[in-house]
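A short reminder: the numbers here are calculations on the coordinates, not readings from a lab. Source: prediction; values computed, not measured. We place every Cβ from the backbone using ideal geometry, glycine too, and count neighbours over all the protein chains shown.
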Amino acid sequence: MKKYRLSTTISIRHYGLLKKHMSKYETQQKVIEAALENLDNDSKQITGLSEEDELWLQIKNIKSVCAIQRESFKILLETLNIDRYRDHVAEKKPLEFIVEVYYQKPLRECSLVEILDALVVLFKVSNLVDTVQYSDDGDHYTLKMTHDFGFNHSRLLKVLNEGFFRSYGAYADYIVSDRSLFIKIYKIDVNPV
């Protein structure tokens with residue numbers, strides 16, 4: 001194997017780490033090579049970012065709303081024009097866009113489980129709901145969201161998800177209440193081979 005000569009300087013702290021690991025790897029060369037292999041293999045792990053943090057970094061440039069206090073958001077929801085919001089969702093497809101940014105592939109190439117996983121991360125990150133999870137219930141998945149923003153917020157979440165699942169090609173039923181939205185998403189093969 002062809003070898004390349006390196007000449008560099010490092011901090012005292014890193015020199016101490018190099019010496020410490022030489023007991024395991026025997027030479028400075030082997031320590032550096034192992035560290036480079038580790039960097040190459042575990043680049044995501046080294047960042048130390050959670051799924052939520054990764055998503056925030058990916059969607060930071062999509063003109064998301066800045067932080068707003070919960071009580072202020074509740075007041076805004078009281079004046080919600082659901083028809084105008086429905087038109088906006090149909091035109092801009094915000095959930096579809098975020099899932100495509102998250103997975104770096106078209107929505108139709110995502111599995112239903114990938115989509116549900118992304119929605120859970122997204123709704124946790126956005127703080128639009130207090131709890132979010134999904135379950136596999138045999139012939140369908142149930143996406144469960146709870147919040148304390150009132151009925152208009154449940155309607156907003158329904159419109160947002162209706163457009164999304166329609167774009168994906170999945171059939172879904174919705175149960176809306178003052179504090180929750182339950183969505184049954186039926187298992188179908190939207191990506192036949």
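The Cα atoms of the chain cover 67, 46, 29 Å along the three principal axes, with the biggest extent listed first.
Per residue, the average separation of C-alpha pairs within less than 8 Å and at least 6 apart gives region 51-186 a relative contact order of 24 percent.
Suppose we look only past 19 Å in the calculated P(r) of region 98-192. What percent of the Cα-Cα pairs does that tail hold?
Taking all Cα-Cα pairs of region 98-192, the fraction more than 19 Å apart is 37 percent.
Taking a straight Cα-Cα cut-off under 19 Å and skipping sequence neighbours fewer than 8 places away in the same chain, the lysines within cross-link reach of K92 are K60, K63, K105, K158. Label zone (R70, point 7 Å along Cα-to-C-beta; backbone nitrogen cut-off 14 Å) within region 97-133: 127-132.
Rounded to the nearest whole Hz, the Karplus-based 3J(HN,Hα) values (6.51 cos²θ - 1.76 cosθ + 1.60, θ = phi - 60°) of region 81-90 follow the sequence 9, 5, 5, 5, 5, 4, 4, 4, 4, 5, with x at glycine and proline. Phi angles across region 91-99 convert, under the Karplus curve 6.51 cos²θ - 1.76 cosθ + 1.60 with θ = phi - 60°, into 3J(HN,Hα) values of 7, 8, 6, x, 5, 4, 4, 5, 5 Hz, Gly and Pro given as x. Say R0 is 45 Å: what FRET efficiency, to the nearest 0.05, do K3 and A90 get from their beta-carbon distance? Between K3 and A90 the formula returns 0.15.
Computed about its Cα centre, the charge dipole of the chain is approximately 920 debye, with only Lys, Arg, Asp and Glu carrying charge at their Cβ.
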